[in-house]
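The values are calculated or read from the model by the stated rules, or taken from the named source; none is laboratory data. Computed from a predicted model, the values in this text were never measured in an experiment. Cβ: placed from backbone, ideal geometry, glycine included. Neighbour counts: every protein chain shown.
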Amino acid sequence: MNTKLLKDLMEKGEITQRMLSSRTGISTTGLNQIIKGRVKPKTETIEKIAAALGISAGVLMNPSSGPVHIQSGNINNIMGNHNGIGESKPGTALFYGTGEMELLKSEVNHLREVLKSKDETIETLRMLIEQYKNRDKEG
């Protein structure tokens, strides 16, 4: 996880660990450990943090993500502190500048991983259902 980017986003948006904890359901102690790089968060945890910040999880998962520029006010809007600056809808952040293509590639790769995992789960469930159907027919 790109903890430097997370710190930068929190600083730029004036988001405290307590605020992020409230939005994600992750304890402040847990967030502190993640931010300091002491623990490697699960994908679900990264997705919660990203959703609370209005960015894609792929952005936070990419350790080489370049600078991310956020239109002034977006983070505050996302966190529920509307200050009248910026026109984006809550839950969105605008990215531009250095590393934009890398961010998009990272997001695409993340989504591919998520889909692959879900497809594997669905296939496993289908096989289990088929096994149970065959047991019922035999017994």
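A few remarks follow.
- Meets criteria (exposed (fewer than 13 other Cβ atoms within 10 Å of the Cβ), farther than 15 Å from Thr3 by Cβ, of a type in the set (Val, Ile, Thr) and modelled with pLDDT of 75 or more) for Thr43: no
- For the stretch 1-38, a residue qualifies if it is outside any helix (DSSP H, G or I) and without any contact (Cβ under 8 Å) to a residue 60 or more places away in the chain, and the qualifying residues are Thr16, Gly25, Ile26, Ser27, Lys36, Gly37, Arg38.
- Of the residues making up the stretch 111-136, those that are more than 29 Å from Glu47 (Cα to Cα) and among the acidic types (Asp, Glu) are Glu130, Asp136.
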